[in-house]
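Student: Handing you this structure, nothing more for now.
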Amino acid sequence: MKACGRSPARLLPRNMLAKDIQQVGVIGAGQMGGGIAQVCAATGLEVKLSDASVERAQAGKDKIAKILQKQVDKGKFDAAARAALLDRIQPVGGVSDFATCDLVVEAATEDVETKIRIFKGADEVMKAGALLASNTSSISITRLAGQTSRPEQVIGMHFMNPVPLMKLVEIVRGVQTNAETMKTVSELAERLGKTVIHSKDQPGFVVNRMLVPFLNEACFVLQEGLGTPEDIDQGAKLGLNHPMGPLELADLIGLDTLLFIAEVLHREFGDDKYRPATLLRNLVAAGWYGRKVGRGFYVYDERGQKTGRAFEH
């Protein structure tokens, strides 16, 4: 008679400990991925930064270099430290370069099929025991983990935007995620200078479960003509003591990303309180995604500075 339980061949090797993590792979060289790469390199970790092509990954590194140079010019960062940080970031063209990484963090577009494809590819080349994390703000970690051969070592590591400035990392545990992975990734986030909170694997997790309905309601307030964009944002800043208004914040996050998360919440919970505003849908349909394209609720110059309203109501 066969013994019950997991076959010895299925046992996974020992998890990475936080102190073992010396090389991190980051998938996606955009705003979030670039920020994650920057904070990892600033802590002394070696980083492999990938995107659809090595040219796009290099462009992501160049953007980090430009941001840091501005800090050097203002006397807020040391030139030698900037050079050392950039030396620790290696642009690569794809997940095939992640074989030596101890941890890989996916920060690609918020699309489940894209993330599943990336997770499968990364899992195939990563070494035994290495950890795989997603920066997703709404997609099920359990579902992503189920696409890999290492579900116990898959976790959500949701950084806030902009990553170098925001202190919070939301650690999300999938159904399969083991305690060792939770401990290691939480300790690593603290090593990066972040404060950690933990969330169960439910749509939106902790932060976006609260934030997205608030931003979506601000869209309804504007759509129904209760106030101008400036009125709404000033009301939140001066009346609620928020550092940014909800429409400004929506533009920073990306209206396409906001709509995607709102649709996930609406679909998964089946509650109309999460129903996206028509105005939000229309702006996304127009391609007005916010600051990253220069137009959302407001218009932005090439430096990302707000110059006026995008449209009249």
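Throughout, read-outs are computed from the coordinates displayed, never taken from laboratory work. Treat the numbers as computed from the prediction; the structure is a model and nothing was measured. Quick reminder, even Gly has a Cβ in these numbers, built from the backbone with ideal geometry, and neighbours come from all protein chains shown.
Student: For the chain, what is the percent of antiparallel DSSP beta bridges, rounded to the nearest 5?
Tutor: Percent antiparallel among DSSP bridges in the chain is about 25.
Student: Using the number of other C-beta atoms within 10 angstrom as an exposure proxy, rank Lys237, Lys48, Lys127 with the fewest first.
Tutor: Lys127, Lys237, Lys48
Student: Then there's this: Please rank Arg267, Arg291, Arg56, fewest neighbouring Cβ atoms within 10 Å first, as an exposure proxy.
Tutor: By the 10 Å Cβ count, ascending: Arg267, Arg56, Arg291.
Student: With +1 on each Lys and Arg Cβ and -1 on each Asp and Glu Cβ, how big is the dipole of the chain about its Cα centre, in debye rounded to the nearest 20?
Tutor: 780 debye
Student: Let me ask something else about it. State the answer as a single residue: which of Thr136, Gly146, Thr195 lies farthest towards the positive end of the charge dipole of region 8-200, with beta carbon charges of +1 for Lys and Arg and -1 for Asp and Glu, about the Cα centre.
Tutor: Value computed over the given set: Thr195.
Student: Right, another one. Where in region 164-217 are there trypsin sites (Lys or Arg not before Pro) that are in a DSSP coil and have at most 16 other Cβ atoms within 10 angstrom of their Cβ?
Tutor: Lys167
Student: Which residues' amide hydrogens lie under 5 Å from the amide hydrogen of Gly290, considering only partners 5 or more residues apart or on another chain, with H built in the peptide plane?
Tutor: Long-range HN contacts for Gly290: Leu255, Arg295, Gly296.
Student: Could you list Thr195, Thr228, Thr184 in order of exposure, starting from the residue whose Cβ has the fewest other Cβ atoms within 10 Å?
Tutor: Final ranking by Cβ density, sparse to dense: Thr195, Thr228, Thr184.
Student: Taking springs between alpha-carbon atoms closer than 10 angstrom, which of Leu17, Leu131, Leu265 fluctuates most in the Gaussian network model of the chain?
Tutor: Of Leu17, Leu131, Leu265, the Gaussian network model singles out Leu17 as fluctuating most.
Student: In nm, what is the difference between 0.36 nm times the number of residues separating Lys273 and Glu230 and their Cα-Cα distance?
Tutor: 13.0 nm
Student: Further, regarding this structure: In whole angstrom, how far apart do the alpha carbon centroids of region 57-111 and region 192-221 sit?
Tutor: Centre-to-centre (Cα) distance: 26 Å.
Student: Here's a follow-up. Give me a comma-separated list of calculated 3J(HN,Hα) values for region 262-273, in order, Karplus coefficients 6.51, -1.76, 1.60 applied at θ = phi - 60°, integers in Hz, x for any Gly or Pro.
Tutor: The phi angles translate into 4, 5, 4, 4, 5, 5, 6, 8, x, 10, 5, 5 Hz.
Student: Still on this structure, I have one more. For the pairs Lys70/Lys127; Lys19/Lys48; Lys74/Lys167; Lys61/Lys120; Lys115/Lys183; Lys70/Lys167, flag any whose C-alpha to C-alpha distance is greater than 30 Å.
Tutor: Lys70/Lys127
Student: Divide by every residue of the chain the summed helix terms, -39500 (n - 2.57) for each DSSP H run of at least 4, and state the resulting mean residue ellipticity at 222 nm, rounded to the nearest 500 deg cm²/dmol.
Tutor: It lands at -12500 deg cm²/dmol.
Student: Among (i) 23.3; (ii) 21.8; (iii) 20.5, only one was calculated for this model; which label is it, if the read-out is Kirkwood radius over Cα pairs in Å?
Tutor: (iii)
Student: Among Asn15, Val92, Met166, which residue has its Cα furthest toward the positive end of the charge dipole of the chain, with +1 on Lys/Arg Cβ and -1 on Asp/Glu Cβ?
Tutor: Most positive-ward Cα: Asn15.
Student: Just subtract the alpha-carbon distance of Thr109 and Glu187 from 0.36 nm times their residue separation and send over the number in nm, one decimal.
Tutor: 25.5 nm
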